[in-house]
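Values in this text are rule-based calculations from the coordinates and carry no lab data. These numbers come from a predicted model, not from an experiment. Glycine gets a Cβ as well: all are built from the backbone with ideal geometry, and neighbour counts include every protein chain shown.
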Amino acid sequence: MTGEPDLLERFARGEIAAAEFSHHDHVHMGFEMLRRHDFAESVLRFSRALRGMAANAGKPGAFNQTVTLAFLGIIAQRMEATPEVDFEAFAASNRDLFEKSLLSRWYRAEQLASPLASRSFLLPDPSAKRA
């Protein structure tokens with residue numbers, strides 16, 4: 001994707017259709033949001049945008065608070081640990097972020113699929129498989 005500021009604004013305004021928003025795009029917009037805002041503000045803005053996207057797609061139940069916060073947390077931590085200034089460099093050194101299964105290191109599948117995980121952030125499960 002090009003034009004990150006404009007794309008981020010369109011994402012925040014709910015102008016991007018869910019069908020056109022891949023997992024790669026989720027990571028990219030998380031990165032761009034975190035570049036501009038602190039973690040708490042990014043969580044609020046990113047969650048609001050994703051909830052709106054899911055609602056506009058007629059699938060309000062598709063939003064998952066635990067998945068959203070966990071991925072944002074990992075992205076934020078990696079951004080602090082790696083000084084790359086652009087998304088392409090960040091993406092190249094953090095390829096595992098593009099694997100939807102990444103959270104299986106900390107969560108069981110049934111835990112992430114639970115209604116509670118959709119509504120609220122769940123802490124990682126100590127019994128989940130570790131990579």
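Key figures for this structure:
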read-out	value
Helical segments meeting 15 Å axial Cα length and Kyte-Doolittle 0.5 threshold in the chain (DSSP H)	65-81
Mean Cβ count within 10 Å, highest first, over the residues of peptides 52-58, 93-99	52-58, 93-99
Relative contact order computed over the chain (Cα-Cα under 8 Å; 6+ residues apart), in percent	25 percent
Radius of gyration and maximum dimension Dmax of the chain, Cα, Å	14.3, 42
Taking the convex hull of Cα positions in the stretch 89-131, its mean projected area over all directions (nm²)	3.6 nm²
Label-point separation in nm, Thr82 to Asp6, each point 7 Å along Cα→Cβ	2.7 nm
Dipole-positive endmost among Met79, Ala49, Leu123 within the chain (Cβ charges, Cα centre)	Leu123
